[in-house]
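The values are calculated or read from the model by the stated rules, or taken from the named source; none is laboratory data. Quantities reported herein were computed from a predicted structural model and do not represent experimental measurements. Because the Cβ atoms are built from the backbone with ideal geometry, glycine has one as well, and the counts that use them run over all protein chains shown. The accessibility values were calculated without ligands, DNA or RNA, using every heavy atom of the protein model including side chains. Shrake-Rupley method; radii C 1.70, N 1.55, O 1.52, S 1.80 Å.
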Amino acid sequence: EELTHKGRAITNFKDEDHVMLSDDDEDDGNLDALDTEMHFGGGSSPGRGEYAAYGPTAGSTGGDMDMSQLYSQKKTELDDLIARRKLMKAERMKRNEEQEEAFETMDESFSGIAKMLQFRDKAKERKEREDKKASGNLSDDEQEMADWDKEMKTYLFERRVKATDRTKTPEEVAKEEAERLHKLETRRLARMNGDFDEDDLTDISDDESKYKKKKTRKTKHNEAGGDELDDSDADDNDEIQVKFTADGLMYVDKDGKPVKKVGDTNEESDASSSSCDEDDNSDDSDDDTKVLEVGAKVQGNYRAKEQYNQQSAWYDGVITSVNKLEDGSVTYDVTYDDGDFEENMDPENVRRIKKIAEEHEQEVFQQSKEVSTKRKRQKAKEKAREEIPFVFEVPTTLDALHDIIGNYASTGEDVSLIIQRIHKSNSIRLNHKNREKMQNFHDVLLRRFIAVGDAIHSSGDGGPTLGRYKQLDELTKTLYAMAQDSPECAAAVWGRRLGFFQNAHAKRLRDAEFAMDDDDYTAWPSTGTILLLRAIGHIFPVTDLRHPIVTPAVLLLGQMIAQIPVRSLADAVMGLTCTGLMIEFTKNANRLAPEAISFLAGTLRLFSIEPGPGDFSIPSLEAATEWPEFESLRETVSRMTGLKILPRLSLVKQDIESDATPMAILSSTLHLVECQVKALGGSLDNAEAEAFAEITKSLLALKPKSKNYPLPNIAAREVAQVASTVSSACQLDAPRIPLQRRSGPSVSEKAIKSLAPRMEDPTRYSMSKDKNKSSVQAARDRARREYKREHKAVARELRLDAAFIESERRKEKDRKDSKARDKRNKNFAWLESEQAVMNQQVRQGGGLLS
């Protein structure tokens, strides 16, 4: 058979007929006019008259052309159209094939071109970069990029945290701490009174009452599981099978022999099991031999004497009565749970119900828990009576504070804890009404600080029990917290205390003039006072230009250093301590302390070979050489050979009286000189040589290698080191810069700086009472307040105007009245003078008229 397509043989197709239609036609599916006419009919074509595509239109006459001509003409046009369309599509297919061939040719030639290209060797570049990085030869851009990569990698290992609540204000922190202390105090008082209703006792440990649950084994045969059977029983059970026989359902062994019928009960096995149960119960029960009490839960062998073949039937019940017989035996009356009862039962027919293991364990655990709770409560009660209260009333006097410490504190840590709890439970941040009593408590703490410092001087630290130095540390922290709570109160208290120190200093100086013969008298303040002045630097800033506390304290230290006479080694120790405080307060602000420098220079002079009264530039050390302790000071130091470490200065009286104090004074003086020179070096505008001139002369006067009294090697090295530091700071080898005249201030520096006024937008002004209101409500309230203010201002102006007008009216009226009064008084005076003349004439008998 021949293959055909659309009625035509495939072998008759031409090349142009083998056109594959594609979707990229340029017509886009639009039909031209002829296609529309052919498909849908209607309309007329020019040159055809009234003939349509398929014949004449309705009402036409046909014209000159007949129907065959019209059809042949139409067919010709359609064939031409189809041929054009096929030709266009064939050309389009040819172009597509040529384009595909060009692409294939380019793809084939790309491999050859790719061999001619040079790509970067990334592995080689990476290795070169690593080598440069290891050798440190990276360029600036590469180093910057490497640093950036390193920083970005560190971000990968940063800990990611979640957002937390906002930082609480100091008032909120103080409130939470006070609430915590009040809660703990409430619990402590409740424990003291034996009230443990809402107390979980979590802070009380009871190691003796720890109870560990122990698993008990079940011994009853009827409670045992299948795992407790022996192998023979398991084998027997596996061998016996149930089969249907002529006698019915029977248990058959492995040989097929019937064992027993299903449903039959083995009386012997029942009896043996019951006897086993009885034996187990008798073995397990510890109370079978004891007389049971009324109300005990038991099992009774119901009507044991009436049972057939002495079978037993045990039922649960409760003992209602215990009957004692004459021979000493007992019988029981038992009421069963089902309502039946039995009287005069023998003890062998009554047995106590053994509790199951879980109930017994629970009961033991509950009892242990109750014992533990009781023991914990007793322990908590004793602890509450022994521990320090959490809330105290504010002591306003030092005696009141000492009473509290004597009642509740036994160590130095307890004292610090009491002071902290007093501050936290009565802070000014909690209530502004606490200001007055906390201000008094602040002064009490200052006096307590002085007392502890004086105790350090007389008795030392006191060991770990007292820990006086630790007490001062905790007191300083509390004083700082109170200064942060209310700076105004702190400034008032400290200012008043500094005034007391100033008055005491003046009084001691006056008394020193009358105590020249008293060797034990000293005009220096006590150790507690000096330590309290040291605490100022930890509580207030020392770098302010002018501070209401620090500035007076520095001036007071300067007065003490310059005015108080040094009469003993103890005075020299106090003077060096005050000098160190003054240097500590001024070094961070680069302030010059001339009193401290002069005192250090004078102290070094005391260790020279032959110090004289004229070698000192400070009054406090002028008469020091007259006292016996300073006459042989250099000799004492020169004998202290063999020292490996320079001794340190101490404020304890016992240490001050030791033989190492002179060397400690020398080493401390050298250390303070070095600190002062390093702090001020380079900040005095080339005036270091003049500022440290006295120290330089004192160092030269020491003469460490003197033949008569040479200093020990360790002290000589320290002197050489300090001298080197002073020389480098003073730049003695550098040429002196001549004095230069300073130019006066310029016009711009003299002119008053003009500042633009700060204008506030009244619409943006808001009060705290408008915080939670809407914008409309806040604007309305703001307008109402502004109206009230303006109304009051207008009323006030009207009152002032009315008062002014009334005063002016009164002044005008007084002026007019005064004029009339003066005229009237003038007239009265003339009349009185005339009347006087007339009276005189009458007395003379008319002589004046002649």
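Need the failing condition index for A506 against (1) open to solvent by 40 Å² or more (accessible area, probe 1.4 Å); (2) of a type in the set (G, A, S); (3) more than 29 Å from K424 (Cα to Cα), just the number.
Answer for A506: the failing condition is (1).
Which members of region 587-596 meet the condition of being assigned to a helix (DSSP H, G or I) and open to solvent by 10 Å² or more (accessible area, probe 1.4 Å)?
Correct list: K587, P594, E595.
Scan region 364-392 for residues that are free of Cβ contacts under 8 Å to residues at least 60 places away in the same chain, surrounded by 12 or more Cβ atoms within 10 Å (Cβ to Cβ), closer than 29 Å to I404 by Cβ and of a type in the set (D, E, K, R) and report the count.
Summing the residues that are free of Cβ contacts under 8 Å to residues at least 60 places away in the same chain, surrounded by 12 or more Cβ atoms within 10 Å (Cβ to Cβ), closer than 29 Å to I404 by Cβ and of a type in the set (D, E, K, R) in region 364-392 gives 1.
Might you check whether a residue that is without any contact (Cβ under 8 Å) to a residue 12 or more places away in the chain, more than 38 Å from the chain's Cα centre (by Cα) and open to solvent by 30 Å² or more (accessible area, probe 1.4 Å) occurs anywhere in region 560-582?
No: zero hits.
If a residue has to be open to solvent by 30 Å² or more (accessible area, probe 1.4 Å) and not acidic (D, E) to count, how many in region 421-462 make the cut?
18
Looking at region 402-420 only, could you name the residues that are open to solvent by 80 Å² or more (accessible area, probe 1.4 Å) and in contact with a helix residue (DSSP H, G or I) (Cβ under 7 Å, 6 or more places away or on another chain)?
Selection gives Y408 alone.
Could you check region 597-643 and list, in sequence order, the residues that are charged (D, E, K, R), at pLDDT 85 or above and not in a helix (DSSP H, G or I)?
Answer for region 597-643, where residues must be charged (D, E, K, R), at pLDDT 85 or above and not in a helix (DSSP H, G or I): just R639.
Does T551 satisfy the criteria of being in a helix (DSSP H, G or I), of a type in the set (S, T, N, Q) and open to solvent by less than 40 Å² (accessible area, probe 1.4 Å)?
No: the conditions fail for T551.
Please find, among E342, E361, the residue that is touching a residue at least 24 places away in the same chain (Cβ under 8 Å), of a type in the set (D, E), farther than 23 Å from D197 by Cβ and open to solvent by less than 40 Å² (accessible area, probe 1.4 Å).
E342
Could you look through region 105-160, keep only residues that are loosely packed, with under 10 Cβ neighbours inside 10 Å and hydroxyl-bearing (S, T, Y), and pick out the one that is farthest from the chain's Cα centre (by Cα)?
If we take residues in region 105-160 being loosely packed, with under 10 Cβ neighbours inside 10 Å and hydroxyl-bearing (S, T, Y), then S111 is farthest from the chain's Cα centre (by Cα).
Examine region 622-633 for a residue that is among the β-branched types (V, I, T), more than 22 Å from A553 (Cα to Cα) and free of Cβ contacts under 8 Å to residues at least 40 places away in the same chain, and state whether such a residue exists.
yes
Among (1) surrounded by 10 or more Cβ atoms within 10 Å (Cβ to Cβ); (2) at pLDDT below 80; (3) part of a helix (DSSP H, G or I), which single condition is S205 missing?
(3)
Would you check if there is a residue in region 509-521 being in a helix (DSSP H, G or I), among the aliphatic types (A, V, I, L, M) and open to solvent by less than 60 Å² (accessible area, probe 1.4 Å)?
Scanning region 509-521, I find at least one residue that is in a helix (DSSP H, G or I), among the aliphatic types (A, V, I, L, M) and open to solvent by less than 60 Å² (accessible area, probe 1.4 Å), so the answer is yes.
Tell me whether region 527-536 contains one or more residues that are over 33 Å from the mean Cα position of the chain (by Cα), under 22 Å from R496 (Cα atoms) and open to solvent by 10 Å² or more (accessible area, probe 1.4 Å).
The answer is yes; a qualifying residue exists.
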